[in-house]
Amino acid sequence: MRAGPIFLSPSVNEIIFIVSEPPEGGYAAEAVGQSIFTVADTLKELNEMVRDAVIRHFEEDRRPKIIRLHFVREELIAV
């Protein structure tokens, strides 16, 4: 995924996930700058899965305090 300038310098206490809607349905979330990826069927489940993934990935003293979800949507328009 390609990130724009907004993702170049998140604060130390924040982690950003790019969220997309795969063709097979549900949601997929990928962390910017970290090896964290998760999928879920609903937004509520996605929030829980992302939070759990961040807790498991980082030690408590290095864990971000804020999780930001950035939703992207691809739309094709025929010309």
Quiz prompt | Subset of the range 14-43 [more than 23 Å from Asp61 (Cα to Cα), of a type in the set (D, E, K, R) and surrounded by 13 or more Cβ atoms within 10 Å (Cβ to Cβ)] | solution = Glu21
Practice problem: Note down all Cβ pairs under 6 Å where the first residue falls in the range 62-79 and is surrounded by 10 or more Cβ atoms within 10 Å (Cβ to Cβ), the second is among the small types (Gly, Ala, Ser) and assigned to a strand (DSSP E or B), and they're at least six residues apart or on different chains. | Solution: Val72/Ser20
Quiz item: Out of Glu60, Glu45, which single residue is modelled with pLDDT under 95 and not hydroxyl-bearing (Ser, Thr, Tyr)?
Solution: Glu60
Quiz prompt | Filtered residues of the range 44-63 (kept if basic (Lys, Arg) and under 15 Å from Ala31 (Cα atoms)) | solution = Arg51, Arg56, Arg63
Practice problem: Would you point out the residue of the range 18-42, among those that are under 15 Å from His70 (Cα atoms) and of a type in the set (Asp, Glu), that is modelled with the highest pLDDT? | Solution: Glu30
Quiz item: Which residue pairs have Cβ atoms under 8 Å apart, sit 6 or more places apart or on different chains, and have a first residue in the range 36-61 that is among the charged types (D, E, K, R) and a second that is surrounded by fewer than 13 Cβ atoms within 10 Å (Cβ to Cβ)?
Solution: Asp41/Gly25
Quiz item: Do you know which residues across the range 44-79 are within 10 Å of the chain's Cα centre (by Cα) and assigned to a strand (DSSP E or B)?
Solution: Ile67, Arg68, Leu69, His70, Phe71
Quiz prompt | Matching residues in the range 34-79 - criterion: being farther than 20 Å from Ser20 by Cβ and aromatic (Phe, Trp, Tyr) | solution = Phe58
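The values are calculated or read from the model by the stated rules, or taken from the named source; none is laboratory data. Since we're looking at a predicted model, the values are computed, not measured. No Cβ is skipped: glycine too gets one built from the backbone with ideal geometry, and neighbour counts run over all protein chains shown.
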